[in-house]
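Quick notes on the structure that follows.
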Protein chains: 2
Amino acid sequence: MSALNSRVSVYQSVDSVAGKAAGGHDTLEFTGILKTYARGQEVFGQGERADYVYKVVRGAVRCFKTLSDGRRQICDFALPGDVFGLELGGDYGVSAEAVADCAIVAARRSTVLENSADPVAAAKAMVRLAMTDLERSRDHILTLGRRGAAERVVVFLLELNDRLDGGDTVELPMSRQDMADYLGLTIETVSRTLTHLEAEGLIALKCCRSIKLCDPRGLRRHCD
Amino acid sequence: MSALNSRVSVYQSVDSVAGKAAGGHDTLEFTGILKTYARGQEVFGQGERADYVYKVVRGAVRCFKTLSDGRRQICDFALPGDVFGLELGGDYGVSAEAVADCAIVAARRSTVLENSADPVAAAKAMVRLAMTDLERSRDHILTLGRRGAAERVVVFLLELNDRLDGGDTVELPMSRQDMADYLGLTIETVSRTLTHLEAEGLIALKCCRSIKLCDPRGLRRHCD
DNA sequence: CTCTGGCCTTGATCTGGGTCAACTTGGCGG
DNA sequence: CCGCCAAGTTGACCCAGATCAAGGCCAGAG
């Protein structure tokens with residue numbers, strides 16, 4: 001459970017972590033320590049002091065909330081290039097775990113925010129990150145509140161395809177359980193739905209973690 | 001449908017719209033025009049240019065997304081003191097309508113953001129607003145993804161009671177339909193659930209828009 | 001006063017997705 | 001190569017909440 005292979009080294013990243021709309025402005029200087037996390041390893045837990053901000057270099061992370069009886073809801077997946085662990089101030093509102101083996105940069109909050117060379121640009125980049133997350137959350141809310149199982153799965157595949165950008169094939173970094181916990185379904189329903197979509201010729205399950213989107217137009221029609 | 005009673009006047013508001021955690025810093029100077037909106041009137045529509053930011057003075061606003069077949073999901077209610085219409089840049093990602101008769105301040109985005117006397121404080125206040133919304137959205141996602149009907153209604157009542165702060169009684173500004181569209185349920189289920197909660201002695205329906213929380217502790221136990 | 005139209009409640013029935021259980025598949029260590 | 005175990009699939013059945021339908025309860029108009 002605890003830090004197994006936490007090989008660490010200093011890492012300098014000055015990538016743009018701004019949204020696609022940015023024309024190069026408002027980038028967040030992201031300097032920190034590169035760590036690796038094994039599949040299933042915790043990055044941080046809900047309620048801990050939010051002293052660090054993270055950025056995925058390789059792999060994928062799930063950010064989730066848990067009810068006292070164990071029910072889990074994944075709020076978001078952080079994919080390569082994504083920042084996570086951004087908080088209002090105090091504590092993390094979610095827990096974060098590696099979905100697959102990961103390389104992640106951990107930067108002190110204060111370094112990224114206060115000690116920045118250009119505080120206005122840093123704050124603007126923060127706003128951009130928060131608003132991007134917020135818009136994705138809203139779509140997630142729409143999906144969970146008003147879409148049926150098939151629509152949820154289709155929306156998920158299309159979104160992942162968009163974010164991973166691997167042509168017409170989605171290489172899922174997560175298990176069926178993770179998909180289910182993101183989509184508010186059960187593993188059985190996710191599995192069945194994928195089988196149905198394949199039977200309809202909309203997708204092809206090359207293997208259970210590799211899905212080809214055969215008919216993107218048809219899929220999009222499936223969920224407006 | 002269009003602007004019926006859009007009595008307008010200049011309005012100077014320098015309220016703190018920062019979160020509760022703020023010790024007085026990072027306030028957003030919010031200067032704009034005070035407008036009134038009739039119940040049901042649209043404030044802005046999804047896809048329109050997001051040139052204005054809004055702040056509720058009186059009444060309540062629903063921010064929602066709609067699917068092409070008419071299914072509606074309310075993402076958030078904006079209550080007195082809340083800012084809404086904050087966007088990444090381009091267009092509004094949701095539509096906004098008055099749930100009840102409202103008084104709302106509309107401020108130009110540029111006035112609030114760029115032309116601010118203290119751009120760093122403004123940007124920080126923006127981050128605070130976005131993060132607050134984001135955290136509420138995450139809770140909403142948890143509710144929609146993993147809670148049953150009774151838990152949803154209870155969580156909703158507790159949250160509203162917290163935000164409105166009217167002692168132990170919640171004066172609902174919205175209809176059953178709005179509640180249902182926020183909670184991912186139907187009006188019938190919301191109505192039945194309230195009746196059940198009353199039968200259990202957890203709440204009292206003084207009238208259909210006025211609900212007394214008789215046993216806050218019991219309610220909280222209902223949904224962890 | 002009655003009429004009308006929202007809004008809300010209540011009951012009967014239906015169904016999408018959950019639950020339970022068996023089985024298959026695939027990756028990995030020995 | 002086999003055996004093992006986690007992950008995924010498939011089937012049978014069940015139930016929470018949706019749907020369909022009938023009234024009830026105001027508030028405002030006439």
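About its Cα centre, what dipole magnitude does the protein assembly as shown give when the only charges are +1 on Lys and Arg Cβ and -1 on Asp and Glu Cβ, stated in debye to the nearest 20? It would help to have the intermediate numbers written out before the result.
On the way: 58 positive and 62 negative charges, 111 e Å.
Approximately 540 debye in magnitude.
Starting from the Cα of residue B:101, step 7 Å toward the Cβ, then list every residue of the range B:71-87 with an amide N under 17 Å from that point.
Once the point is set 7 Å along Cα→Cβ of residue B:101, B:80 turn out to lie under 17 Å by backbone N, inside the range B:71-87.
For chain A, what is the mean residue ellipticity at 222 nm derived from helices alone (per DSSP H run of n ≥ 4: -39500 (n - 2.57); sum divided by total residues; nearest 500 deg cm²/dmol)?
Counting only the DSSP helices, I get -10500 deg cm²/dmol.
Points 7 angstrom from Cα along the Cβ direction at residue A:67 and residue B:91: gap in nanometres?
3.6
Quote the FRET efficiency, to the nearest 0.05, computed for residue A:58 versus residue A:149 with a Förster distance R0 of 35 Å and r equal to the Cβ-Cβ distance.
Plugging the Cβ-Cβ distance into 1/(1 + (r/R0)^6) gives 0.65.
For chain A, build the charge dipole from Cβ charges (+1 Lys, Arg; -1 Asp, Glu) around the Cα centre, then report which of A:116, A:27, A:38 sits farthest towards its positive end.
Toward the positive end, the furthest listed residue is A:38.
Go through B:176, A:192 and list them by solvent-accessible area, largest first, probe radius 1.4 Å.
Correct descending sequence by accessible area is A:192, B:176.
Ordering A:212, A:55 from largest to smallest accessible area (1.4 angstrom probe), what's the sequence?
Sorted descending by solvent-accessible area, the residues read A:212, A:55.
Given N residues in the protein assembly as shown, what is Rg(Cα) / (2.2 N^0.38 Å)? Mind dumping the intermediate values first?
Values: Rg = 22.3 Å, N = 448, 2.2 N^0.38 = 22.4 Å.
Relative to the 2.2 N^0.38 Å estimate, the protein assembly as shown comes out at 0.99.
Can you tell me how the range A:145-224 classifies by the Cα gyration tensor, rounded, prolate or oblate, using a/c under 1.5 as the rounded cut?
Taking the square roots of the gyration eigenvalues as a ≥ b ≥ c, the range A:145-224 is rounded.
In whole Å, how far is the Cα centre of the range B:90-138 from that of the range A:71-128?
Measuring centre to centre over Cα atoms gives 21 Å.
Accessible area of chain A with a 1.4 Å probe: how many percent of it is carbon plus sulfur?
49
Rounded to the nearest 20 Debye, what is the dipole magnitude of the range A:147-221 about its Cα centre when Lys and Arg each give +1 and Asp and Glu each give -1 at the C-beta?
The calculated dipole for the range A:147-221 is roughly 120 debye.
Along Cα→Cβ, 7 Å out, is where each label goes; now give me the distance between the ones at residue B:135 and residue A:115 in nm to one decimal.
Label-label distance for residue B:135 and residue A:115, simple model: 2.5 nm.
Taking the Cα centre of the range A:88-133 as origin and charging only Cβ (+1 Lys, Arg; -1 Asp, Glu), how large is the dipole, in debye to the nearest 20?
Value, rounded to 20: 200 debye.
If you put a point 7 Å past Cα along the Cβ direction, how far is that point for residue B:196 from the same point in each other copy, in nm, smallest first?
Its label point is 2.5 nm from the equivalent points in the other copies.
May I ask you to derive the FRET efficiency for residue A:33 and residue A:187 from their Cβ-Cβ distance with R0 = 45 Å, giving the value to the nearest 0.05?
The formula returns an efficiency of 0.80 here.
Would you work out which of A:183, A:197, A:211 lies farthest towards the positive end of the dipole of the range A:147-221, given +1 charges on the beta-carbon of Lys and Arg and -1 on that of Asp and Glu, about the Cα centre?
Result: A:197, furthest along the dipole toward the positive end.
With the label 7 angstrom out along Cα to Cβ, how close does residue B:67 come to the same site in each of the other copies, in nm, nearest first?
Here residue B:67 shows inter-copy label distances of 2.2 nm.
To one decimal in nm, how far is residue B:31 from the same spot in the other copies, if labels go 7 Å from Cα toward Cβ? Please give the shortest first.
3.8
Please compute the modelled spin-label separation between residue A:205 and residue B:46, points set 7 Å along Cα→Cβ, answer in nm with one decimal.
Label at residue B:46, label at residue A:205, 3.1 nm between them.
The values are calculated or read from the model by the stated rules, or taken from the named source; none is laboratory data. This structure is a prediction, so every number in the text was calculated from the model and none was measured. Cβ atoms come from the backbone with ideal geometry, glycine included; neighbour counts cover every protein chain shown. Only protein heavy atoms, including side chains, enter the accessible area calculation; ligands, DNA and RNA are left aside. Shrake-Rupley method; radii C 1.70, N 1.55, O 1.52, S 1.80 Å.
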